[in-house]
Amino acid sequence: MFPLISAPELLSLIARTDPAPELLILDARFSLADTGAGERAYLEGHLPGAVYAHLDRDLSGPKTGLNGRHPLPAPEAFAQTLRAWGLRPATQVVVYDDAGGMFAARAWWMLRWMGHDAVQVLDGGWRAWAGLSGASLSTAPTHRPAGDTSHLKPHLDWVLSTDDVLAHLDQPERMQLIDARAPDRFRGENETIDPVGGHIPGAINRFFQLNLDAQGAWRPANELRQAFDALLDGRDTRSVVHQCGSGVTACHNLLAMEIAGLPGSRLYAGSWSAWCAIPEHPMSR
C-alpha cells in the first residue's frame, strides 16, 4: 500500500458503501508548545468518524529520564490502545495532522512497527481536507467497538536503543544516522528544547521540512528519491537509522524514504534527548 492518500481519495473511501471499507481515521494534531491544543481542535471539528491520537498519552510511553522525551510505548501497551480504537486485521488506517505530517508520520510508523501495514498518511493533512469541496466535519467524539489486535507481530528489530547506537558509532558501514532536526539545532545552535545542544557524531542532517512543498504537501516520490540518493551516496538503506530530538520527526524521514521507494531503514527512538541525557556520551557541534 502506498503510504500516502489524497483528500479526494479519502473522501471517496468514506463515501463508499459497496463494499463499505473497514476504516479507522486517526486525528494526530498536536502542539509541542501546548499539549492540549490538538485535542481541543479535535473537539471543535474533525474528520467524520476520526479518533483522537494524543502524542504524549497514546503514541508515547513512560519517561525514565534516560529514554527521551517521547519514548515508544511497550508493544503490549500500544496494542491495547489500538484495540480500544477498534483496529482489526482488515482495517485500513488513515492518519492526519495539521503540521505537515509531523505527528501523523509517527502514528503511521508505529502502526507498521506493530505489524499493521494498511496505514496511510493524508497528504496535505487537515489543510487539504478543509479546502476540499464536499468534505464534512464532525464535532462528536467517536466511540468504536473494541477491536481485535491478535494479528499484530511487532518488528522489534526496527528500533535501536541508545546502547545499540553507542556500540555502532564507529561503524558507518553498519549504521548511518540521519538527524531530522533543523540545521541550527543539528549544529548545536539555538537549542531551546533539550538541555544540551549538538548532534551524535557521524550523523548527517536532513531537516524533515524539506520533504514538503510550499503548500505543505509531500514532494513527489522521484524528488524524494533524488534527495535521499544524494544524501546516502550509495549507502545501503538497511544501515540507515533515523533520529531527531525525541523520535517524532525522525518518522517523517522514514516515511519520506518509504515514499521514495527506499525501505529498510530503522529508528533510534530515544534520539538526541536520550543521547544527551548521559553527559559521558560523545557529542559534536
- Task: For segment 161-233, build the convex hull from the C-alpha positions and give me its volume per residue in Å³.
- Result: 124 Å³
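Per residue, how much accessible area does the chain show when a 1.4 Å probe rolls over the protein heavy atoms, in square angstrom?
Using a 1.4 Å probe on heavy atoms only, each residue of the chain averages 43 Å².
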- Task: Compute the Cα gyration tensor for segment 1-136, then decide on rounded, prolate or oblate, letting a ≥ b ≥ c be the square roots of its eigenvalues: rounded whenever a/c is under 1.5, prolate when a/b is larger than b/c in the other cases, and oblate in all that remain.
- Result: oblate
- segment 130-285: translational diffusion in µm²/s, Stokes-Einstein, Kirkwood Rh over Cα pairs, 37 °C, 0.692 mPa s: 190 µm²/s
- Task: Just need the relative contact order of segment 85-177 here, percent rounded to a whole number, with Cα pairs under 8 Å and 6+ apart.
- Result: 34 percent
- Note on the structure: Checking rank on 58-69, 91-102, with mean other Cβ inside 10 Å and highest first, the result is 91-102, 58-69
- Task: Quickly work out the residue 92-to-residue 137 label distance, labels modelled 7 Å from Cα along the C-beta direction, and quote it in nm with one decimal.
- Result: 2.5 nm
- Query: Near the amide H of residue 240, under 5 Å away, which other amide H atoms are found, from residues 5 or more places off or on another chain, if H is placed in the peptide plane?
  - Reply: 176, 266
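May I ask you to derive the FRET efficiency for residue 150 and residue 63 from their Cβ-Cβ distance with R0 = 22 Å, giving the value to the nearest 0.05?
On the way: r = 29 Å, r/R0 = 1.34.
FRET efficiency, residue 150 to residue 63: 0.15.
If the viscosity is 1.567 mPa s and the temperature 4 °C, what Stokes-Einstein diffusion coefficient in µm²/s follows for the chain when Rh is the Kirkwood radius over Cα pairs? Let's see the in-between values first.
Working: Rh = 19.2 Å.
The calculation lands on 67 µm²/s.
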- Query: Using the beta-carbon distance between residue 130 and residue 196 and R0 = 30 Å, what value does 1/(1 + (r/R0)^6) give for FRET efficiency, to the nearest 0.05?
  - Reply: 0.15
- For the chain, averaging the sequence separation of alpha carbon pairs under 8 Å that lie six or more residues apart and dividing by its residue count, the contact order in percent is 22 percent
- Task: Take the Cβ-Cβ distance between residue 83 and residue 13 as r, set R0 to 25 Å, and report the resulting FRET efficiency rounded to the nearest 0.05.
- Result: 0.65
- Mean separation of Cα contacts under 8 Å (6+ apart) over length of segment 1-86, as relative contact order %: 21 percent
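Quickly estimate the mean residue ellipticity at 222 nm for the chain, helices only: each DSSP H run with n ≥ 4 gives -39500 (n - 2.57), and the total goes over all residues, rounded to 500. Working shown, then result.
Working: 10 runs with 81 residues, N = 285.
The per-residue figure over the chain is -7500 deg cm²/dmol.
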- Query: What ranking, highest mean first, results for peptides 143-154, 221-232 when packing means the other Cβ atoms within 10 Å averaged over each residue?
  - Reply: 221-232, 143-154
- Message: Please list, in order, the residues from segment 122-145 whose amide nitrogen is less than 12 Å from a point placed 7 Å along the Cα→Cβ vector of residue 1.
- Response: 122
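Roll a 1.4 angstrom probe over the protein heavy atoms and tell me the percent of accessible area of the chain that is carbon or sulfur. Write down the numbers at each step before the final one.
Numbers: 6410 of 12330 Å².
So the carbon and sulfur contribution to the accessible surface is 52 percent.
The values are calculated or read from the model by the stated rules, or taken from the named source; none is laboratory data. Everything quoted here is computed from the prediction, not taken from an experiment. Neighbour counts run over all protein chains shown; Cβ positions are idealised from the backbone, glycine included. All accessible areas refer to the heavy atoms of the entire protein, side chains included, with ligands and DNA or RNA removed. Shrake-Rupley method; radii C 1.70, N 1.55, O 1.52, S 1.80 Å.
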